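S.K.: I'd like to ask you about the structure that follows.
The values are calculated or read from the model by the stated rules, or taken from the named source; none is laboratory data. For clarity, every value in this text was computed on a predicted model and none was experimentally measured. We place every Cβ from the backbone using ideal geometry, glycine too, and count neighbours over all the protein chains shown. For the accessible areas, the whole protein counts, side chains as well, though only heavy atoms, and no ligand, DNA or RNA atoms are used. Shrake-Rupley method; radii C 1.70, N 1.55, O 1.52, S 1.80 Å.
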Amino acid sequence: MVHVPAEDERLTGAAATFDVFGPDNERYQRALPVASRMVAFLHEAVTRDTVAPESWMGAIFQAVDDGRIEEKDAIPLASAYTAASMDTTILGITEAIAQLARHPQQFAWLRQDPTCATPAFHEALRLEAPIQGFGRMVTETADVDDTRLEAGEQVWLLYGSAGRDRLAWGPDADVFNVRRRRADRHLAFGGGPHLCAGIPLAELQARAVLRALAAQCTNLTTAGEPDRVLNNLLRGWERMPLAVKRASATPAMRAQADHP
């Protein structure tokens with residue numbers, strides 16, 4: 001879909017690139033050369049002559065040619081497609097599984113109604129956004145409640161906090177609920193011109209995993225202390241021990257798992 005040579009060793013450290021968005025600490029220093037190699041690779045390998053027109057990279061250059069984006073934005077977009085979606089999707093799916101393991105009734109509902117798989121994924125992203133916050137530049141002066149934001153100021157958008165805002169989500173904002181209405185209105189995927197372009201793909205991946213899990217397991221529980229990811233920007237689980245009890249799936253459940 002991206003159409004870059006995945007075997008290139010300069011792409012193997014894509015996860016580390018998130019550390020360059022944090023403070024100048026040891027993780028940042030380790031990540032900087034990795035990120036630099038990946039960006040250099042994209043500049044060298046991703047051109048109009050090397051990408052397939054029907055790929056995501058091809059769509060970037062088509063947007064440049066159509067005048068919808070500037071040429072200078074092509075490679076930054078290419079880097080986002082290459083690295084940004086990988087670990088955030090992994091951590092989001094892992095969080096959904098962890099939440100289901102901690103809430104047996106929610107997992108039971110998913111088993112009863114596999115259409116809850118996508119809402120369960122969004123609910124996990126709402127509660128524990130893989131990227132808790134990100135910096136943006138104010139483009140025009142605006143008032144947010146009693147605070148004046150001037151054009152040119154730097155702001156930090158707290159996606160994680162917004163996902164638990166009781167004014168938006170009600171008194172049960174801290175509760176994981178796979179039946180929550182409009183759980184997809186969270187900000188973990190960004191918004192506006194920065195809205196994640198890979199949302200349908202992330203939903204497809206999560207839906208496939210969670211439906212297969214619900215079809216093949218009757219019980220899902222935690223089985224030990226998890227370990228957090230240590231990253232300057234990402235939030236999630238490096239290790240999440242789980243215990244499952246396999247089920248003899250019914251034909252209907254198998255069909256649901258096979259058609260995400």
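S.K.: Looking only at segment 225-244, count every residue that is part of a loop (DSSP other than H, G, I, E, B) and open to solvent by less than 40 Å² (accessible area, probe 1.4 Å) and tell me the total.
M.R.: The total comes to 8.
S.K.: With the requirement that a residue be assigned to a loop (DSSP other than H, G, I, E, B) and of a type in the set (A, V, I, L, M, F, W, C), what does segment 150-173 give you?
M.R.: 151, 173
S.K.: Here is a further query. Is there a residue being open to solvent by 70 Å² or more (accessible area, probe 1.4 Å) and closer than 30 Å to residue 79 by Cβ anywhere in segment 216-223?
M.R.: No - not one qualifying residue is present in segment 216-223.
S.K.: Can you name the number of the only condition in (1) closer than 21 Å to residue 85 by Cβ; (2) part of a loop (DSSP other than H, G, I, E, B); (3) open to solvent by less than 40 Å² (accessible area, probe 1.4 Å); (4) not charged (D, E, K, R) that residue 176 fails?
M.R.: Residue 176 satisfies all of (1) closer than 21 Å to residue 85 by Cβ; (2) part of a loop (DSSP other than H, G, I, E, B); (3) open to solvent by less than 40 Å² (accessible area, probe 1.4 Å); (4) not charged (D, E, K, R) except (1).
S.K.: Could you list, in sequence order, the residues of segment 154-200 that are among the aromatic types (Phe, Trp, Tyr) and closer than 24 Å to residue 56 by Cβ?
M.R.: Passing the criteria: 159, 189.
S.K.: Okay, moving on. Determine the pairs where a residue that is free of Cβ contacts under 8 Å to residues at least 60 places away in the same chain and open to solvent by 50 Å² or more (accessible area, probe 1.4 Å), located within segment 183-204, has a partner that is charged (D, E, K, R) and part of a helix (DSSP H, G or I) with Cβ atoms under 9 Å apart, the partner being 6 or more residues away or on another chain.
M.R.: 185/126; 187/126
S.K.: Name the one entry in 83, 45 that is touching a residue at least 40 places away in the same chain (Cβ under 8 Å), open to solvent by 20 Å² or more (accessible area, probe 1.4 Å) and under 23 Å from residue 20 (Cβ atoms).
M.R.: 45
S.K.: Inspect all residues belonging to segment 133-156 and state whether any of them is under 11 Å from the mean Cα position of the chain (by Cα), of a type in the set (A, V, I, L, M) and under 21 Å from residue 188 (Cβ atoms).
M.R.: Taking every residue of segment 133-156 in turn, none turns out to be under 11 Å from the mean Cα position of the chain (by Cα), of a type in the set (A, V, I, L, M) and under 21 Å from residue 188 (Cβ atoms).
S.K.: Further question: Return the residues of segment 18-42 that are small (Gly, Ala, Ser), assigned to a helix (DSSP H, G or I) and open to solvent by less than 30 Å² (accessible area, probe 1.4 Å); say none if nothing qualifies.
M.R.: Once the filter is applied, which keeps residues that are small (Gly, Ala, Ser), assigned to a helix (DSSP H, G or I) and open to solvent by less than 30 Å² (accessible area, probe 1.4 Å), segment 18-42 yields 31, 35.
S.K.: Now, a different point. If I go through segment 51-78 residue by residue, how many of them are touching a His at 6+ places or on another chain (Cβ under 8 Å) and either under 20 Å from residue 196 (Cα atoms) or surrounded by 13 or more Cβ atoms within 10 Å (Cβ to Cβ) (or both)?
M.R.: Residues that pass the stated criteria total 6.
S.K.: Moving on to the next point. Looking at segment 171-178, is at least one residue of a type in the set (A, V, I, L, M), touching a Leu at 6+ places or on another chain (Cβ under 7 Å) and at pLDDT 95 or above?
M.R.: The answer is yes, given that some residue of segment 171-178 is of a type in the set (A, V, I, L, M), touching a Leu at 6+ places or on another chain (Cβ under 7 Å) and at pLDDT 95 or above.
S.K.: Are any residues in segment 187-223 more than 12 Å from the chain's Cα centre (by Cα) and assigned to a loop (DSSP other than H, G, I, E, B), and if so, which ones?
M.R.: 191, 223
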